Amino acid sequence: EDKVVQSPLSLVVHEGDTVTLNCSYEVTNFRSLLWYKQEKKAPTFLFMLTSSGIEKKSGRLSSILDKKELSSILNITATQTGDSAIYLCAVLPASGTYKYIFGTGTRLKVLA
Amino acid sequence: DSGVTQTPKHLITATGQRVTLRCSPRSGDLSVYWYQQSLDQGLQFLIQYYNGEERAKGNILERFSAQQFPDLHSELNLSSLELGDSALYFCASSPLGLADFYNEQFFGPGTRLTVL
């Protein structure tokens, strides 16, 4: 069965710290991996990683896909209180059915 | 604002009842996805429609059904509601089509369903 596992489940840091969130997956025929940030309500898209795009960066956030290890990391540098959220990882297998598989998320809390 | 709208925002009902959740995708998006998010389960994929037809099915109960209409809006029907159905229900849309494999999803604000 396809699955996505995120770690840690939760972490608390102080402003200015750097955090690394992990996402590992077991899917049949990987197509793409997506990172989302969920604050109060709807998840908002951060990055999409594919076989042809294994590293993405936007400001203080960056993400890398390790196809050999079947995993991805999301790095946030110089964290701010506004980074407090649940970070979701989702994988889209190349099964032809477009069923995104989400991990349970990592809850990040940044203290002032 | 993702461009995806969902109504109602909150819904409180009793066990055994039936409710309908509505979703309007972003303009031009043909695919609609429904997800259920509860505290202990994370985001669970329920069902996907593409241009009016069912494309993929996830962990959707038989008591639940959905459809996508010609104007591309979608409805999720939940019947014989149980306490455990209380959750946040998200709709997402994507331009994802038959040949386009790398599109992201845009999530609506969600409908919070509380079953008493």
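The values are calculated or read from the model by the stated rules, or taken from the named source; none is laboratory data. These numbers were taken from a predicted model, which means no experiment stands behind them. We place every Cβ from the backbone using ideal geometry, glycine too, and count neighbours over all the protein chains shown. The protein model used for the area step is the full one, side chains on, heavy atoms only, and it has no ligands, DNA or RNA in it. Shrake-Rupley method; radii C 1.70, N 1.55, O 1.52, S 1.80 Å.
Observations
- Note: the protein assembly as shown, Cα convex hull, 123 Å³ per residue.
- Partner chain coverage, peptide A:99-107 - average Cβ within 10 angstrom: 4
- In Hz, Karplus ³J(HN,Hα) per residue of the stretch B:81-90 (6.51, -1.76, 1.60; θ = phi - 60°; x = Gly, Pro): 4, 10, 4, x, 7, 4, 5, 9, 10, 9
- In order along the stretch B:11-17, the phi-based Karplus estimate (6.51 cos²θ - 1.76 cosθ + 1.60, θ = phi - 60°) of 3J(HN,Hα) comes to 8, 10, 8, 9, 4, x, 7 Hz; Gly and Pro are listed as x.
- Each residue of the stretch A:14-23 was assigned a 3J(HN,Hα) from its phi angle through the Karplus expression (A = 6.51, B = -1.76, C = 1.60, θ = phi - 60°), giving 9, 3, x, 6, 10, 10, 10, 9, 10, 9 Hz with x at Gly and Pro.
- Percent accessible area from carbon and sulfur atoms, chain B, protein chains only, probe 1.4 Å: 49 percent
- B/A buried area, accessible surface, summed, 1.4 Å probe, Å²: 1900 Å²
- Charge dipole of the stretch B:1-95 (Cα centre as origin; +1 on each Lys and Arg Cβ, -1 on each Asp and Glu Cβ, all else neutral): 80 debye, rounded to the nearest 20.
- Taking every residue in A:42-55 and counting other chain Cβ atoms within 10 Å of its Cβ, the average works out to 3.
- For a modelled paramagnetic label at B:N77, 7 Å from Cα along Cα-to-Cβ, the residues of the stretch B:1-33 in reach, with backbone nitrogen under 15 Å, are B:17-23.
- Chain B - convex hull of the alpha-carbon atoms, volume per residue in Å³: 96 Å³
- Among the listed pairs A:K37/A:K99; A:K99/B:K9; A:K41/A:K109; A:K3/A:K67; A:K41/B:K9, those beyond 22 Å (Cα-Cα): A:K99/B:K9
- Shown are A:K57, A:K40, whose ranking by accessible area with a 1.4 Å probe and every protein chain present, most to least, is A:K40, A:K57.
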